[in-house]
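*Asks:* Please read through the structure below; I'll follow up with questions.
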Amino acid sequence: MADTPLQVTGSHTKQEEAPSIVEVLEDAAKRGVAAVQDYSLLSFRSLANLATSPHYFQDTLDQMDDVGVGSLPIILLSGFFIGGVMVLQTGAQFVRFGQTSLTGDVVSLALVRELGPAITGLLTAGRCSSGMASELGSMLVTEQVDAMRAMGTDPSRKLVTPRVLATMLMVPLLTAMMVFVGLLGGCVASVFSLQLSAVEFWRRAVDILEFPDLMQGFIKSLAFAFILATVGCYKGLTVRGGTQGVGRATTQAVVISSVLIIVADLFLTKLSLYLSNKIF
Amino acid sequence: MGGHGSFPSWEARSAIAFEDVRIGFDDGQILRGVSFCVRERETVVLLGETGTGKTLTLKMAAGLLRPDSGSIDVLGQKVSEMAEKDLLTFRRKIGFMFQEGALFDSMTVADNVAYRLHEDGVAQEEIEPRVREALRFVELEHTIDQLPSELSGGMRRRVSIARALVNRPPIVLYDSPTAGLDPVTSQTIITLILRLRDVYGVTALLATHRLQDGFALANFHFDADAERVVANSGNGSSAANAAHTRFLVYREGEIYFEGEPEEIANSKDPYLKRFLA
């Protein structure tokens, strides 16, 4: 029986005696598998809803504003300083070999391929995944989600799809902004710290980039956006235990989406490198 | 909105029918084989202590929860077996008033009431008059641009009634509509429920733990001509006879009592007497 709107599984164990350790582990394993199943179905549905009506354009625009414009200040600020730190760290090593001019190459590649998508994903997860979990969780515990269903609206369509779509549209743009500002920060640091010419830094930073590098960053940012939005929505719509549960779900959303982003990063890097060798 | 209801005779068709319905969660069975029916344009008052499954019953009637076993028919459709996609369409025939109102707190009162109309694709120029009419019905037209957080608990529930009735559903489900309200506000809510029942002739399933709410529904009716609530005269007037109200009492997951207001009022059963106290 579905006891939350987006759950398709549940267990009905009447506990009359104290369960053994094996039973407890078995129950935990079943719950884990059921959670993965529910999450997978919700994630699939969030994208499948795009193929059929109705669509909630205004909700999507609102979410784009919240995720995109709302996250911009922290992304820009973080990007600038991360770029600067990258230059200081790498430049200090290149100085030993008299190759400080390579700093632009390294910082550019690192930002586009790895740091830009990953840090944008993690920062957006911290800000938006938690926000989604707490907003949807609050709606769930105050029966607003049930009210929505009672009025004939599919919550996955009205609440989840706009958030997932908006995040997937905004995070790649935020990543691009972070990379640009990161290079700007790197440029400033290289001029003042390594006494490199700004023109030289930018020329090398741009010239080193190839199409597969940009694709790698783009694919990663899309995947990270999907992860942080779906995890946030899933945790919000499966809240248990009132307002305390909302707090717990919010924390879990950030932790789970951050860990998943880092784990997915490894596999996406390997996949991107493989594809860049085979295709591009 | 709709015209005056002509009220059910005993041959009226079943609007809601539960047949051997069971549901439970991790900590045990909540409902253990519940069977009852609500006839068209009838009001059934569902009484029971907290945790006896009243809200679950309403949610199952609206298809928000699926029973573990048994069947639920609403307006001739087997709700317990319908797919979620079909249920979404079907639920538009049912008004649901949640215990705390469950208004969308990021929307204004107008947007809350208009929500269903927007979802149904009703023309924009038709929406505002209907929203105003629904809010006028609950005497809250002046709150149209306010947010739910600016309203009192009783006002939020009245908006919830307006939201439930705006698309003129044949069935309205009320989940503890007066719980936690002061006597005056409770009376206002009950008056609105009477008015909704007697003016629009809706079928109602009302869950409550307050027997006096049930007696108010059984012993009074809304006189549309006089625009006020009047006591049933017992002289065979159409409204008094037709606005039929029955009681169901849940106890430990089963139906403990099912009958007329007079039966419960005159009952010597110690458990039922606790509700009368």
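*Asks:* Please give, to one decimal in nm, the separation of the simple spin-label points placed at B:E84 and A:L273, each 7 Å out from Cα toward the Cβ.
*Replies:* Each label point lies 7 Å from its Cα, and together they span 4.0 nm.
*Asks:* Rounded to the nearest 500, what is the protein assembly as shown's calculated 222 nm mean residue ellipticity when only DSSP H runs of at least 4 contribute -39500 (n - 2.57) each, over all residues?
*Replies:* Working: 21 runs with 303 residues, N = 557.
Dividing the helical sum by the residues of the protein assembly as shown leaves -17500 deg cm²/dmol.
*Asks:* Now for a different question. Put +1 on the Cβ of every Lys and Arg and -1 on every Asp and Glu Cβ in chain A; which of A:V246, A:G236, A:V179 then has its Cα farthest towards the positive end of the dipole?
*Replies:* A:V179
*Asks:* Looking at segment B:119-215, what % of the alpha carbon pairs are farther apart than 21 Å? List each step's numbers first, then the result.
*Replies:* Values: 1566 of 4656 pairs.
Taking all Cα-Cα pairs of segment B:119-215, the fraction more than 21 Å apart is 34 percent.
*Asks:* Just report the Cα centroid separation between segment A:187-226 and segment B:169-194, whole Å.
*Replies:* Comparing the Cα centres of segment A:187-226 and segment B:169-194, I get a distance of 64 Å.
*Asks:* Continuing with the same structure: Going by C-beta contacts inside 10 Å, put B:I94, B:I189, A:I219 in order with the fewest on the left.
*Replies:* Working: B:I94 26, B:I189 21, A:I219 16.
Listing B:I94, B:I189, A:I219 from fewest to most nearby Cβ atoms yields A:I219, B:I189, B:I94.
*Asks:* By counting other Cβ atoms within 10 Å of each Cβ, how are A:E200, A:E143, B:E263 ranked from fewest to most?
*Replies:* Numbers: A:E200 16, A:E143 22, B:E263 13.
Listed from fewest to most nearby Cβ atoms, that is B:E263, A:E200, A:E143.
*Asks:* Under 16 Å Cα-Cα from B:K85, which lysines qualify once same-chain neighbours fewer than 8 residues away are excluded?
*Replies:* Those lysines meeting the cut-off are A:K158, B:K93.
*Asks:* Between B:E258 and B:D225, what is the label-point separation in nm under the 7 Å Cα-to-beta-carbon projection?
*Replies:* In this crude spin-label approximation the distance works out to 3.7 nm.
*Asks:* How many percent of all Cα-Cα pairs in the protein assembly as shown sit more than 31 Å apart? Numbers along the way, then the final one.
*Replies:* Details: 87344 of 154846 pairs.
Of the Cα pairs, 56 percent sit more than 31 Å apart.
*Asks:* How well do other chains shield peptide B:96-108, expressed as the mean number of their Cβ atoms within 10 Å of each residue Cβ? Can you show the working numbers first?
*Replies:* Working: counts 6, 2, 6, 1, 3, 4, 9, 4, 6, 4, 4, 1, 0.
Taking the mean over all residues of the peptide, I get 4.
*Asks:* Calculate, in nm to one decimal, what A:V85 and A:L173 gain on full extension: separation in residues at 0.36 nm each, minus their alpha carbon distance. Mind showing how you got there, number by number?
*Replies:* Details: separation 88, 0.36 × 88 = 31.68 nm, distance 2.24 nm.
Residue separation times 0.36 nm, minus the Cα-Cα distance, leaves 29.4 nm.
*Asks:* Same structure again: For segment B:100-164 and segment A:52-107, what is the separation of their Cα centres, given in Å?
*Replies:* Taking the Cα centre of segment A:52-107 as reference, the centre of segment B:100-164 is 44 Å away.
*Asks:* Return the distance in nm (one decimal) between the two label points of a simple spin-label model at A:V36 and B:E125, each offset 7 Å from Cα along Cα→Cβ.
*Replies:* That separation, rounded to one decimal, is 5.7 nm.
*Asks:* Quick check on my link table: of B:K78/B:K273; B:K54/B:K78; A:K235/B:K78, which ones sit more than 27 Å apart, alpha carbon to alpha carbon? It would help to have the intermediate numbers written out before the result.
*Replies:* Details: B:K78/B:K273 36 Å; B:K54/B:K78 20 Å; A:K235/B:K78 32 Å.
Beyond 27 Å: B:K78/B:K273; A:K235/B:K78.
*Asks:* Cross-link candidates for B:K59: which aspartates and glutamates have Cα within less than 12 Å, leaving aside residues fewer than 8 places away along the same chain?
*Replies:* Correct list for B:K59: A:D3, A:E143, A:D146, B:D175.
*Asks:* Please report the projected area of chain A's Cα convex hull averaged over all directions, in nm².
*Replies:* Working: hull surface 75.2 nm².
With every direction weighted equally, the projected area is 18.8 nm².
*Asks:* Hey, can you list the DSSP H helices of chain A whose Cα span along the axis is 18 Å or longer and whose average Kyte-Doolittle score is at least -0.5? Walk me through the intermediate numbers first.
*Replies:* On the way: long enough: A:21-48 (40 Å, 0.49); A:70-97 (42 Å, 1.39); A:161-193 (46 Å, 1.71); A:211-237 (39 Å, 1.07); A:242-278 (51 Å, 0.83).
Span-like helices, by this rule, are A:21-48, A:70-97, A:161-193, A:211-237, A:242-278.
*Asks:* Give me the number: length gained by fully extending B:V184 to B:E150, i.e. 0.36 nm times residue separation minus the C-alpha to C-alpha distance, one decimal in nm.
*Replies:* Numbers: separation 34, 0.36 × 34 = 12.24 nm, distance 1.98 nm.
The B:V184-B:E150 span can extend by a further 10.3 nm.
*Asks:* Work out how much length B:S35 to B:D105 would gain on full extension: take 0.36 nm times their residue separation and subtract the Cα-Cα distance, in nm to one decimal.
*Replies:* Numbers: separation 70, 0.36 × 70 = 25.20 nm, distance 3.63 nm.
21.6 nm is the gain from fully extending B:S35 to B:D105.
*Asks:* Which order do B:K268, A:K235 fall in if you start with the one that has the fewest other Cβ atoms within 10 Å? Before the final figure, lay out the partial values.
*Replies:* On the way: B:K268 6, A:K235 29.
Ascending Cβ contact count within 10 Å gives the list B:K268, A:K235.
All of the numbers you see were taken from the coordinates with simple rules; none came from a lab. It should be emphasised that the depicted structure is a prediction, and the values quoted were computed from it without experimental measurement. Neighbour counts are summed over all protein chains in view; Cβ atoms, including those assigned to glycine, are modelled from backbone coordinates with ideal geometry.
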